Amino acid sequence: MAASRLPLAALTLKQFLQRQRVLGMYRDLLRSICKVPNESDRRYLRDWAREEFKRNKSETDQDVVRMMITQAHNHLEDLRKSLALAGC
């Protein structure tokens, strides 16, 4: 029987889908941050988002990751509301 071509650390379907949600959330955050009019605020938010995602990159507990996705979604909605109020 031929050996599997999958890497030893292949993701399960659930892990893969969760990873896609995390990456999508990261992209959405960065897209919204780009709309912030003040350069220093934009830089601060971009650095904050990068650092948060980098710091939690190695988290493997799916419940913890799900909670972090929810928190990121809440931050994104707050940012979008603030931008809408500012007329951006």
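The values are calculated or read from the model by the stated rules, or taken from the named source; none is laboratory data. Since the model is a prediction, treat every value here as computed from it, not as a measurement. Cβ atoms come from the backbone with ideal geometry, glycine included; neighbour counts cover every protein chain shown. Keep in mind that these areas ignore ligands, DNA and RNA; they rest on the heavy atoms of the full protein, side chains included. Shrake-Rupley method; radii C 1.70, N 1.55, O 1.52, S 1.80 Å.
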How large is log10 I(q)/I(0) at q = 0.17 Å⁻¹ when the Debye formula is applied to the Cα atoms of region 11-71, each weighted equally and without solvent? -0.61
Accessible area of C88, 1.4 Å probe, to the nearest 10 Å²? 80 Å²
For every helix of n ≥ 4 consecutive DSSP H residues, a contribution of -39,500 (n - 2.57) applies; sum these over the chain, divide by its total residues, and give [θ] at 222 nm rounded to the nearest 500 deg cm²/dmol. -25000 deg cm²/dmol
Tell me the per residue accessible area of the chain using a 1.4 Å probe; a whole number in Å² is fine. 81 Å²
Highest mean first, how do 25-32, 41-48, 11-18 rank when packing is the count of other Cβ atoms within 10 Å averaged over residues? 25-32, 41-48, 11-18
Sorted by accessible area (1.4 Å probe), largest first, how do I33, I69 line up? I69, I33
Counting only protein heavy atoms and using a 1.4 Å probe, what share of the accessible area of the chain belongs to carbon plus sulfur, as a whole percent? 56 percent
Length gain on complete extension for the stretch K81 to Q18, per 0.36 nm per residue less the alpha carbon to alpha carbon distance? 20.1 nm
On full extension of the chain, what length is gained from M67 through A9, given 0.36 nm per residue of separation minus the C-alpha to C-alpha distance? 18.5 nm
